[in-house]
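Quick notes on the structure that follows.
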Amino acid sequence: MKIDNIEMNILKSFLEVIIPSNDDMPSAKDIDLNLDNILKENQKYIKPTKQIVDFIQREPAARVMGGVLSLTEIQKIDILKMTEHLFPDEFAIFIELIYLGYYSNPEVHKKINWTLDQDKKDFNLTPFDDSILDNISKRDPFWRKA
Amino acid sequence: MAKNLPFVDIVIVGSGASGAACAWKLSTSGASIVLLEQGDWFNNYPGDTQDWEIRLKNDFHFNPNVRNLKSDYEILDENSDISPLMFNAVGGSTHHWTAHTPRLHPSDFRVKTLDGVADDWPISYWDLEKYYDLNDEMMGCSGIKGDPANPPRSARPMPPLPLGIDGERIAKAADRLGWHWWPSDSYQASIDYKGREGLNNNGSYHNKKLWEAIASTDHVYIKPAIKNGLELRTNSIVESVQVDSKGNVNGVVYRDTKNNTYFQKAGKVILACNGIGTPRLLLNSSSKQNPNGLSNSSGLVGKNLMFHPYAIVNGYYPEEDIDYSLGSLGNILIVQEFYETDPKRDFLRGYSFQMNRSTSPAMTALGSGSPTIVPWGNSHHNEFKKRFRRFSTMAIISEDLPELHNRVEIVSGNSNTLPIPKIYYKTSDNTKKLLNHGIGKAKELLKEAGCVETTTIPVLRSGGWHLMGTTKMGDDPKNSVVNANCESHDVKNLYIVDGSVFTTSAAVNPTPTIQAIALMTADKILKG
């Protein structure tokens, strides 16, 4: 089972509603979420995603005029809210897919000042200093004898 | 038809925290020992690559039902408030833990005598003390002596991990409230230790340096045991424990990945398959002699499942310029002010606070420690910014009292699988009251530390790390499955050394105690 091109295009048309842009951050549509690879490597997302896309396609608003790709932002939000209400478990997995794609993106990491460089100087914490135990160390032992 | 394999002195099933420790201790004797493990060697840790959080939610998920690797088996948990978690490989769940390693208190072994509830253990803290010490030395414990909430003990081989700016805030807040706190004991190396590189920091929780700093039993116990002559067989799924016509244990039947089956004859069989895998195996070892499963004359195999229900309180700091994600995720400090029974409260026994801290981007967005994910839509970025690197977590780990209706049963799988464990578990009224008390106290502590907002998860469904109680230890064969030596009351030379044998759960992470029991059992076997 896999997500076909039509389904992927529908999914992508909702990305900017799920994670919109603001002054600091790109929308989920503006960056590469690497969805093809994530879906290929992790089968658990495929069935729920197909179910969400199928529901979207069946929505009356999506079946008139230009179809799904012509939906307004407000219509997309309404459809997503209804999908979330009707299929909460599947929707949660679908959102997990989008969030993982978004927050694994190097551009997003840069925007939020996140790095995988473990040797970064700022990460080197001060070793434990036992002077912080001065107060608690004054307490008499209170473990229960048995 | 199973192929008969030559006799060995001892077969151990399971190579996780307890099976590995037991195997190492026994391997020093020169006995012929075979260790059967359903998984394989593992070192494919996520970290240092962009996809590491994706892997945490998939092939490195805590939950075997989500992970669904070849080495995993399905667990039916629809009838449980809490999902059981485990990792199946050489080293077991010590590949996938924070390595927070407090000990039980002496009072935990005497709850019937002290508080009139559940049962006393047939062993004491003092029986285990030297094995705790040995295990701390082997696994490598970072920590510091002098904790007034626990008995005096020898110095740890490594200093505590750094508290970090948030840990210091919480510690000082506890001081102001007059509450106990102490730096966590941990099997994460804070300095270089026996070939492990010390790690006193990590910018993003999961990375390969961290995994290598945390003790796992494949390195600590199994490799030295192999040098001593232990034979490890990976990808070996044990189907049943066998007894002869007189009811004496005489080996196990297992299969390999090609579905070839073998009968490994042995003088002693030791089970170390965790609180779900062990009862599953015993229940699947039923026969005409033992129609209700092996070692089950008490009817208690699979009963009294205990988890340590967790409640989670996140506290959010107002400052935007401080990074509260730096340092180890969970080995920071422990609060045991409310550990013991207090007659003034409306519940029995008590709890610990374990401090956790802010984590990585995707995990934050997906609701780490929070009852809700960061919402999708227009408020997404503002809400993410409010949470990301801005919170401390108080995890309330509760004592879970044993109840017969909380249990593991087995149901038929398809023809290619062993029976599937099915879990029934309801959080008790006592636990709910206990957790509610803990939630209130956690909010008080976080507020004192400077947090301006808190969120709460009353019972963490995804928190079934600790699997205990399903083959209870006791002196009375009618009311327990194994004796004080962890030997079956019913079947001579059949031993159990995992968390199944816990008589009660206490309110701390169980791994050092599980390992101390395994080392003690091995010692008793060696001494005859």
Problem set entry | Those residues of the range A:94-111 which are open to solvent by 70 Å² or more (accessible area, probe 1.4 Å) and more than 8 Å from chain B (Cβ to nearest Cβ), in sequence order | A:Glu107, A:Lys110, A:Lys111
Seminar exercise, completed: Of the residues in the range B:226-247, those that are open to solvent by 40 Å² or more (accessible area, probe 1.4 Å) and small (Gly, Ala, Ser) come to B:Gly229, B:Ser245
Exercise. Quick one: how many residues across the range B:210-262 are modelled with pLDDT of 95 or more, of a type outside the set (Phe, Trp, Tyr) and outside any loop (DSSP other than H, G, I, E, B)?
Worked result: 27
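So that you can scan it fast, the table gives a plain yes or no per residue for (1) without any contact (Cβ under 8 Å) to a residue 24 or more places away in the chain; (2) part of a helix (DSSP H, G or I); (3) surrounded by fewer than 23 Cβ atoms within 10 Å (Cβ to Cβ):
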{"site": "B:Ala31", "(1), (2), (3)": "yes, no, yes"}
{"site": "B:Asp40", "(1), (2), (3)": "no, no, yes"}
{"site": "B:Asn44", "(1), (2), (3)": "yes, no, yes"}
{"site": "B:Val66", "(1), (2), (3)": "yes, yes, yes"}
{"site": "B:Met86", "(1), (2), (3)": "no, no, no"}
{"site": "B:Thr94", "(1), (2), (3)": "no, yes, no"}
{"site": "B:Lys112", "(1), (2), (3)": "yes, yes, yes"}
{"site": "B:Val117", "(1), (2), (3)": "no, no, yes"}
Problem set entry | Members of the range B:509-525 that are touching a strand residue (DSSP E or B) at 6+ places or on another chain (Cβ under 9 Å), open to solvent by 10 Å² or more (accessible area, probe 1.4 Å) and farther than 26 Å from B:Gly438 by Cβ | B:Lys524, B:Ile525
For this session: Name the residue, out of B:Tyr351, B:Tyr324, that is touching a residue at least 24 places away in the same chain (Cβ under 8 Å) and within 30 Å of A:Pro141 (Cα to Cα).
Result: B:Tyr351
Seminar exercise, completed: With criteria (1) open to solvent by 20 Å² or more (accessible area, probe 1.4 Å); (2) touching a residue at least 12 places away in the same chain (Cβ under 8 Å), B:Leu161 comes up short on (1)
For this session: Provide a single number: the residues in the range B:470-508 that are open to solvent by less than 10 Å² (accessible area, probe 1.4 Å), within 22 Å of B:Ala266 (Cα to Cα) and part of a loop (DSSP other than H, G, I, E, B).
Result: 6
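Run down A:Asp129, A:Asp117 and say which single residue is within 9 Å of another protein chain (Cβ to nearest Cβ) and either open to solvent by less than 60 Å² (accessible area, probe 1.4 Å) or modelled with pLDDT of 95 or more (or both).
Answer to the check: A:Asp129.
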Exercise. Which members of the range B:164-209 meet the condition of being modelled with pLDDT under 95 and at the interface with chain A (Cβ under 8 Å from one of its Cβ atoms)?
Worked result: B:Gly164, B:Ser190, B:Asn200, B:Asn201, B:Asn202, B:Gly203, B:Ser204, B:Asn207, B:Lys209
Exercise. Going by the conditions given, is B:Thr427 under 18 Å from the mean Cα position of the chain (by Cα), among the hydroxyl-bearing types (Ser, Thr, Tyr) and modelled with pLDDT of 95 or more?
Worked result: no
For this session: Would you tally the residues in the range B:31-82 being more than 14 Å from every other protein chain (Cβ to nearest Cβ) and more than 23 Å from B:Ser236 (Cβ to Cβ)?
Result: 7
For this session: May I ask you to list the residues in the range A:77-93 that are in a helix (DSSP H, G or I), under 17 Å from A:Glu7 (Cβ atoms) and more than 10 Å from chain B (Cβ to nearest Cβ)?
Result: A:Ile79, A:Thr83, A:Glu90
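The values are calculated or read from the model by the stated rules, or taken from the named source; none is laboratory data. Source: prediction; values computed, not measured. Because the Cβ atoms are built from the backbone with ideal geometry, glycine has one as well, and the counts that use them run over all protein chains shown. For the accessible areas, the whole protein counts, side chains as well, though only heavy atoms, and no ligand, DNA or RNA atoms are used. Shrake-Rupley method; radii C 1.70, N 1.55, O 1.52, S 1.80 Å.
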